[in-house]
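A short reminder: the numbers here are calculations on the coordinates, not readings from a lab. This is a predicted model, so every value here is computed, not measured. A quick note on method: Cβ atoms are made from the backbone with ideal geometry, for glycine too, and the neighbour counts reach across all protein chains shown.
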Amino acid sequence: MTPAAPAIRVQNVSQTYGAAGDPRRVVALGGASLEIARGEMVCLVGPSGCGKSTLLNLIGGLATPESGNIWIDGEPVRGPQPQKVAFVFQESALFPWRTIQENVELGMEFQGVPVSERASRARESLATAGLSAFASHYPRQLSGGMKQRAQLARALALRTGILLMDEPFAALDEQTRMVFGEELSLLLANAGKTIVLVTHSLTEAVFLADRVAVFSARPGRIKQIVSVDEEHPRRQSFMTSPKLAQLRNELYDLLHDEIRSTMNLPAAEPGQ
């Protein structure tokens, strides 16, 4: 049998910001390649400025790569594909004058979902995110974690096969992030979506991902991919397990010299 085609394929993608000769010119990505299977969750980790978010935006069609190619479901990415790809961003993208249910329905308006379907799909996704009781509330009445769940509910309501998440938990405290990670693991295990998540938290990456793509310092390339052999949904016991600690330490070792490079520090001596 022929192996199934990947949901997402990135081939030798490079991206530069700024015109040639401009001293402010930045090479964000320098030949990144990656394949992501259907139903897989992949986390992108790396030093600040290494091109993680740039790659996420390129996959979502929000920008065009300078060179290289990206395919979704075997088709070249030429621009945004709202029928296939949904985003969850770090910043709150909820409109303060709309209720939570109205915010969830907004994405479906852009997608062109018939009015007759929007309310029922919004209620279903809010229930999945544990926010049914807050459908008529406004964003100002929700905690930071609840706002992020509302954004996730809006993305789920679009019923796309692919979900791109750019540091959606960065504004949450560590304890809330860990608990929310447990909820997200359960939610995503049931959703069966293909997910790409950018994060700076190595613990979060190991806890959530099937594989973790480790980026080099800018210009970003994928230095190594670390597999996390643990069934979903991930439980609290995994969060505190020696296995998670070992994998997190492996990621740290891979990133250590890359981070020093971004700070213009020499590579550490062996044993340091």
Task: Count of residues meeting criterion [of a type in the set (A, V, I, L, M, F, W, C) and in contact with a Ser or Thr (Cβ under 9 Å, 6 or more places away or on another chain)] in region 210-228 - done: 3
TODO: Taking only region 191-242 into account, find how many residues are under 19 Å from PHE169 (Cα atoms), of a type in the set (Asp, Glu) and part of a loop (DSSP other than H, G, I, E, B).
DONE: 1
Open item on the list: Residues that are crowded, with 18+ Cβ neighbours inside 10 Å and small (Gly, Ala, Ser): does region 140-151 have at least one?
Closed with: yes
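Every residue, every condition in (1) assigned to a strand (DSSP E or B); (2) among the charged types (D, E, K, R), yes or no:
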position: THR16; (1), (2): yes, no
position: ALA19; (1), (2): no, no
position: PRO23; (1), (2): no, no
position: LEU29; (1), (2): yes, no
position: SER33; (1), (2): yes, no
position: ARG38; (1), (2): no, yes
position: CYS43; (1), (2): yes, no
position: SER48; (1), (2): no, no
position: THR54; (1), (2): no, no
TODO: Name the single residue, out of those in region 65-100 being among the aromatic types (Phe, Trp, Tyr) and exposed (fewer than 14 other Cβ atoms within 10 Å of the Cβ), that is nearest to LYS147 (Cα to Cα).
DONE: PHE95
TODO: Output the number of residues of region 1-50 satisfying the condition of being under 20 Å from the mean Cα position of the chain (by Cα) and among the hydroxyl-bearing types (Ser, Thr, Tyr).
DONE: 3
TODO: Among the candidates ALA93, ALA133, single out the residue that is aliphatic (A, V, I, L, M) and assigned to a helix (DSSP H, G or I).
DONE: ALA133
TODO: Mind listing whichever residues of region 150-178 are touching a residue at least 24 places away in the same chain (Cβ under 8 Å), closer than 28 Å to VAL45 by Cβ and assigned to a helix (DSSP H, G or I)?
DONE: ALA150, GLN151, LEU152, ALA153, ARG154, ALA155, LEU156, THR176, ARG177, MET178
